[in-house]
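The values are calculated or read from the model by the stated rules, or taken from the named source; none is laboratory data. The structure presented is a predicted model; accordingly, all values stated were derived computationally and were not measured. Note that each Cβ is placed from the backbone with ideal geometry, even for glycine, and that neighbours are counted across all protein chains shown. Keep in mind that these areas ignore ligands, DNA and RNA; they rest on the heavy atoms of the full protein, side chains included. Shrake-Rupley method; radii C 1.70, N 1.55, O 1.52, S 1.80 Å.
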Amino acid sequence: MKKLFSRGLLLFYLLTPAIFGVAQSTAKKNVRTIIIDPGHGGLDPGAPGSFSTEADVSLAVALKLGKALEKEFPDIKQVFTRKTDMLPGNKPNKDAANRYRATLANESGGDLFIAIHCNSAGRKPGGWYQRVVVGTETKYRKNKKGKKVAYKAKIYKNVWVENKVKGTETYIWAVNKNEAKINSMQHNHDYFGEIDSTSTLELPDPSDPAEKARMLIYTLNYFRKSLTLATLVEKQFVDSGRVSRGVKQRNDKGIWVLQATGMPSILIELGFITNKEEEEYLNSEKGQATMVENIMNALRAYIAGAEPKPVQKDEVKPKPF
Ligand SMILES: [Zn+2]
């Protein structure tokens, strides 16, 4: 009996690496193709910074991410929506380019879609001069009768207003439209978000049965995975000392591409290009290397099947529609 037990134990030890090996390769097989989508490009520079554009920063970081992925996961196929400064597919406008992004992702049989963007806020990159009242002074004027009367005059000064909004955000598609509206309204005072307002792309109509079915498929198959990866990415940014604005849900035109791709999908906002400090970080070798490392760490955990707890539970809870 004892002998049998130890033989069984031995068998267990022998099989364990095999079991783990199988589990690992199964997990890896879940991500065979990654679509990397650097935002904007060409005639669409995205958000402007003081000395750089969103399109350029997104491309630079995306290309470096591709190199890091290739090094660590040479078996994972990478599909880039663009690798140079042009609209994906060299399309003539943003809408056609966005459709191309989604079609390419779907036709390539992607298992994961990662869009890379930068955020913008405020009136101008860096900051702006604003005329403000700094005090009052006593001045005199003559009234109708020619008598001198004192009055208080405002003293104005042009003060420099720094564009302070900063931080990272990772978006996932909001299945529930009402919820998405609430979330996007929270930052309306300082947040411009994705500058795709000129887009004529149709957003899905939740009352349409076909769309309803598609959203259900998304909820069942992709929501949890998208949320997992988004959470891992934001956690990595926090661990590197970045300010994280969290995982957010949106379903406006700026992230249209997320719902048009039949796979888990996230859109990473690397930081605010309109914030002086973050623009410098976004453009620096060190900053780009760190952000790539952050995304790689998140991807590694995701591929290994990590299931972190949501960082902002209230904002990302899936709801029936
Ligand atoms: Zn963008």
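Assorted remarks:
- With contacts taken as Cα pairs under 8 Å and at least 6 residues apart, the stretch 229-296 reaches a relative contact order of 32 percent.
- Computed from the C-alpha gyration tensor, the three semi-axes of the ellipsoid equivalent to the stretch 55-188 are 55, 18, 15 Å, from longest to shortest.
- For the set THR84, THR261, solvent exposure ranked by accessible area (probe 1.4 Å, protein chains only) runs largest to smallest as THR84, THR261.
- Set LYS91/LYS248; LYS225/LYS248; LYS67/LYS253; LYS64/LYS253; LYS67/LYS124; LYS253/LYS276 screened for pairs whose C-alpha atoms are more than 23 Å apart: LYS91/LYS248; LYS67/LYS253; LYS64/LYS253; LYS67/LYS124; LYS253/LYS276
- For ALA213 and LYS164, the difference between the fully extended length at 0.36 nm per residue and the C-alpha to C-alpha distance is 13.4 nm.
- Globularity index of the stretch 223-300, i.e. its alpha-carbon radius of gyration over 2.2 N^0.38 Å: 1.14
- Taking Lys and Arg as +1 and Asp and Glu as -1, the other residues whose beta-carbon sits under 12 Å from that of THR261 total 0.
- Placing R0 at 45 angstrom, the Cβ-Cβ distance between LYS77 and SER240 gives a FRET efficiency of 0.95 after rounding to 0.05.
- Equivalent ellipsoid, the stretch 25-134 (semi-axes from 5 times Cα gyration tensor eigenvalues, Å): 33, 17, 11
- Local electrostatic count, ALA55, Cβ distance below 10 Å [Lys/Arg +1, Asp/Glu -1]: -3
- According to the Cα-based calculation, Rg over Rh for the stretch 105-154 is 1.66, with Rh computed by the Kirkwood formula.
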